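One structure is given here, and the rest of the page talks about it.
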Amino acid sequence: MFRRQLLAAALGTALLIAPFTLAQAWEGEVEALKQRWEQITTQRAEGQRRHSLKSLSDEAEQLVQANPGEAQPLIWYGIIEASHARERSGLGALGSARSARDALERAIEIDPQGGNGSAYVTLGALYDRAPGRPVGFGNSGTAERMFQRALQIRPDGIDVNYYYATFLEDEGRRDEAREHAQRAVDGTAREDRQASDEALREQARALLSQL
């Protein structure tokens, strides 16, 4: 009887610890993906990122498959694959953009906050830049809704204000574009995304000087 009680206690403890351990494992892997994405996108020249982003995207996809139902792996797969799409051309770029869109929309179904707005920012950029139907899925109305949702969550975000400003400039709404470019310049960089946020702040300054 005593041995059975010990075994039951051990199993109970293991069941309590296992979910935490698994969560910690994928969280650590997401953090590693994020750091490598930052390094690739901010320290490598355009044209030298494609191969690294493809490898990183494959790793992120494997993490998604290993952790079904978790929003963060999906969000980071979507962000990485969206970056990969920007480095590609033609149908390959569109295929990557679709994969990124699908992953981010699945993530939002799980986490309506979209990873503190990050999923909405990337979706806005994807819907803005992709070609429209029948070739692609680009849609300016959907893009603006995604940016507006991100702004509701993180109104002072450098990323959302910069990408929304570029969208507004393309739409010919220069006064609004100027406002959001300034908000991007004045925004606070996130501790876990400092390099990429500071790079976007510089791009926002450049955009502001042209408006």
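FYI, it's all coordinate maths here, none of it is from the lab. Small disclaimer: the values here were computed from a predicted structure and weren't measured. Here Cβ is always computed from backbone atoms with ideal geometry, including for glycine, and neighbour counts include all displayed protein chains.
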Residues being in a loop (DSSP other than H, G, I, E, B) and more than 18 Å from the chain's Cα centre (by Cα) - total across segment 157-186 = 3
What helices (runs of 4 or more DSSP H) lie completely within segment 67-152 and have 2 or more residues being touching a Ser or Thr at 6+ places or on another chain (Cβ under 8 Å) and farther than 23 Å from R190 by Cα?
-> 118-129
Hey, among G78, G92, G28, G115, which residue is without any contact (Cβ under 8 Å) to a residue 40 or more places away in the chain, within 22 Å of Q194 (Cβ to Cβ) and of a type outside the set (K, R)?
-> G28
